[in-house]
Each structure stands twice: as structure tokens, then as C-alpha cells.
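The values are calculated or read from the model by the stated rules, or taken from the named source; none is laboratory data. On a predicted model such as this, the values are computed, not experimentally measured, just so you know. Please note: Cβ atoms are built from the backbone with ideal geometry, for glycine as well, and neighbour counts cover all protein chains shown. Areas reflect the complete protein model, heavy atoms only, side chains present, ligands, DNA and RNA absent. Shrake-Rupley method; radii C 1.70, N 1.55, O 1.52, S 1.80 Å.
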Amino acid sequence: MSLPRRTESERLGALARLQVLDTPPEPEFDGLAQVAAMSCETPISLLTLIDADRQWFKANVGLPGTSQTPREAAFSHHVLTEGSLLEVPDARADARFSADPLVTGAPAVRFYAGVALCLSDGSRVGTLCVIDREPRRLTPRQRATLVHLADAAVQMLEARRTTHELADSEARVRALQESSAFGVFVTDPTGACTYADARWQTIFGMGQDEALGHGWSRGVHRDDKDELFSEWRTASRGLDPGKEFRVRHHDGAVRHVRAVSRVALSEDDEVTGHVGTVEDVTERVLQHAALEDAHRKLQVATDSGHIGVWEWDLRSDVITWSSRMYALFGLPIGPERITLDLWLDRVHREERESVTRALDEIVSGEGHLDDEYRVVWDDGSVHHLRASAQVTRDADGTAVQLTGATWDVTPLRQLADELADQHELLRLTLQAIGDAVITTDASSRITWQNPIAEQMTG
């Protein structure tokens, strides 16, 4: 879904809130412009911001001594209007620009390509553009790279705005750095770092001077280095889906990091560098490990107790069984989709109605599921199962999910039957013997006596 267009006053307001106009050069923006020029193989690259009556350069590669131009003469003004990548192969042959003073005079623009910097609220505040003094065209990869770099510039501008909004408090700035998700880095084709922003430095626990060149690799955990560098060398061109590895800080602290990079290619399809982000995923990794450990312990507990766990999503009518549930019903583990009909089909026919009624009652809120029933396996054997379940309801009180546990009570039923048989045998034996037999409770009250005892006591 496209963002709504903003009025000129709204656009200028968004630009003012960035608090970036007329600020000194900043290495992260200069580095981004340098990457754009390098990727597109142009002598000039500009990160521009369009004010009410001027085009101001936040980053400038190739036009030293120039900080702004009139808005009406700026190619970028047309980019804001069109809202997509604008490419002008030869400005002299384009009626929109042939009389432009930037074309007829210095810097003698012939080729231009620019992408609008569109903020998260839809405001188009400027452009990232590349310029050449000779006619030419970008390759598809160069266009894609320029779009990605423009997205990165927007993120950097908005991150910068947020940072400056919190700059009145050092503690709040520190909190921002710690909570910011991504750090940005730029490398040459060999993987040597040419730039790393503050968030990257925080994540790796080293300063930029220390990170430059291949110094950043000293922070990679030694057990992860071989695999990381091997993947780096063989990474496919284009968008890297991401690598996770560990970094060790100088104080010994270990952090888990996820890095994603984009490969910048020359017109000859040669790698000219990488632009990427890093994210500290330590908390996610630790939480995942904790969940895995909890799942393992639960699995051990349920396996030890021969307990099957199941869920029934009432909205999608999807039933999910644990592996133990399949064993309790004498079935091989999936991939067959579990349905209520498949479930009830294995319940003993004499008890299907009561099981169905119990499920209906718990869903309607009129009862609870704590029931025992028999199931018949495909080999004809009968097994006694006991099940309990809890219902989850939405804000309106509608049942949306059943979560339950089922376990095998067949040995208990067999033991109960055996005890009943032995009790009956003992009763018949005591009735038949010639001696009087009397049983009492703890209060010496007679609870049972055989016929001989009845005759003796009257």
C-alpha cells in the first residue's frame, strides 16, 4: 500500500523536524554518497534536501565548494513530483532540462539518476542522486542499488532525527543506542571495513578506528570465524539473506549478531563493495534456547508419563497432536492431517456419543473435560485413555481453542480388573471354608462375615 501524498506545507514541516538543514557534513551520509557514486560509477553523487526555494546538499561527492542550488533549477524537484526513480540519459536531449543552467553551464550535467527520499509518513524531502558529465544509462543492478541506498538514507535521516530529539539527555541518547535495532557498515570488495556507524560499534564493542580494514574481524568469536569467512567469500551476489555469528567484546562479553549485506556491482558485473546492517539478536537467541530447553524438559516429562498433548484451534478447525498422541491411538506420526472425525473414529463406538457431548459442553461453557474412554487400534486391541482439557476464550467469551492432555490408563484398568477378580475369588473361598470369618473396621464394627460366622453369631 502506497503512502499518502503530503501537501507542501506538511512536507516542509517533516523536513524541518529532521533538524538536518545547514548542518555540517557527517561521515555516515558522506559514506553513503560515496557508495552510491562507487556503485553507479559516476563522478558525482549528492544527498539532497529540498527546502521551499533551494536544493541543499547534505552529502556531496564530486562538486566541492557547492552546498546548494536554486530549487527551480534542480533535477531533484522533478523527482519529488514523480515519486519514483528518475533517470535522464542525456539532459541536452530532454526538453525538461535542456535549458537548465546546470546543463548549459557548470557543472555541465548530462546524465542524472535520482530516487526520492520518502520518510515513513510519506513525506518526500529530498533525493539521493548520481550525476555524470557524459550521457549514459544505469544497469538494472545499479538502479536497484540506488533504491536500496535511498532507503538506507531515509533510515539514517529518521534515526538522526530521533537521536537529536533525545540529545538533551546523555542517558536518553544511550538508551536510544541500546534500543536501536540496526548498525550500518560499508566494506570494500575484500570485506575490509570502510565505515561503521555508532550502533555497529556498540554491537561489536569496538570503535570505528579499530574496526577499519579487517580490524572488525578480531571481534568475531574464534569458533565462528572459519564458517563466517567461508560464507562471505562464497556469498551469492545481490541481497544476502543474513548470517548469524557471535562477537566477543574486550571485556569478554559474548553477543549474538545477525548481519545482512547487499553487494554493489560495477557495470562489468564486478563486486565493488558491500553495504549492510548488523543487529544484536542475543536476547532472541537466549529466549529461543530457553524455549528449546523448556520444550525438551516438557518432552521428557510427557514421554516419561506417557502423556500426549493436543491443541484444537476452533476457528480454523485445525487439530495438532504431539508425537505421543499418535502412539496412544496406535497411529504412525503424521503427515496425515488430524481431524475430529479421524479422532472420534478410533474412539470405542459405545463411547463416541459421550466424548462428543463432553467436547460440546466444554466449548459451550457448560462443563469441563475430564473423561475416560476407550480407543480401538487398527489391530483390534482396546486401550483405556483419560483426557483433560482447558478452553481459551476471546474477549467476547467465544471458545477459540482447546488445549488438552491424554494419557494411557490401560494398565490401571487391567490391575483394577485383576484385583476385582481376586477379591471375588477370596470372597467365595471364605464363604466355603468351615471356619468362621469376620472382618471389622477400625472401630471394631463388623463389616462382613461368612455363613459360618453368621450361624455362630445369630
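Ligands, DNA and RNA aside, E270 has an accessible area near 110 Å² when probed at 1.4 Å.
Solvent-accessible area of Y326, all protein chains in place: 20 Å² (probe radius 1.4 Å, heavy atoms, ligands and nucleic acids excluded).
For the pair R133 and E26, a Förster radius of 30 Å applied to the C-beta separation gives a FRET efficiency near 0.65, rounded to the nearest 0.05. Sorting the segments 310-319, 141-150 by their mean number of nearby beta carbons within 10 angstrom, highest to lowest, gives 141-150, 310-319.
Note on R222 and D268: the model spin-label points, each 7 Å out from Cα along the C-beta direction, lie 4.0 nm apart.
In the range 51-167, what percent of the accessible surface is made up of carbon and sulfur (1.4 Å probe, ligands and nucleic acids excluded)? Solvent-exposed carbon and sulfur of the range 51-167 make up 52 percent of the total. Taking all protein chains into account, the per residue accessible area for the range 303-392 stands at 57 Å² (1.4 Å probe).
Extending 7 Å from the Cα toward the beta-carbon at both Q19 and V147 defines two label points whose distance is 3.3 nm.
The range 1-80 and the range 332-363 have their alpha-carbon centroids 66 Å apart.
In terms of accessible area, using a 1.4 Å probe and ignoring ligands and nucleic acids, W200, W448, W216 rank largest first as W448, W216, W200. In the full protein context, the range 1-106 carries 48 Å² of accessible surface per residue, based on a 1.4 Å probe and ignoring ligands, DNA and RNA. The order of S67, S322 by accessible area, most exposed first and with a 1.4 Å probe, is S67, S322. Using heavy atoms of the protein chains and a probe of 1.4 Å, the accessible area assigned to V61 is about 40 Å².
Measuring r between the beta carbons of E372 and E311 and using R0 = 30 Å, the FRET efficiency lands at 0.90.
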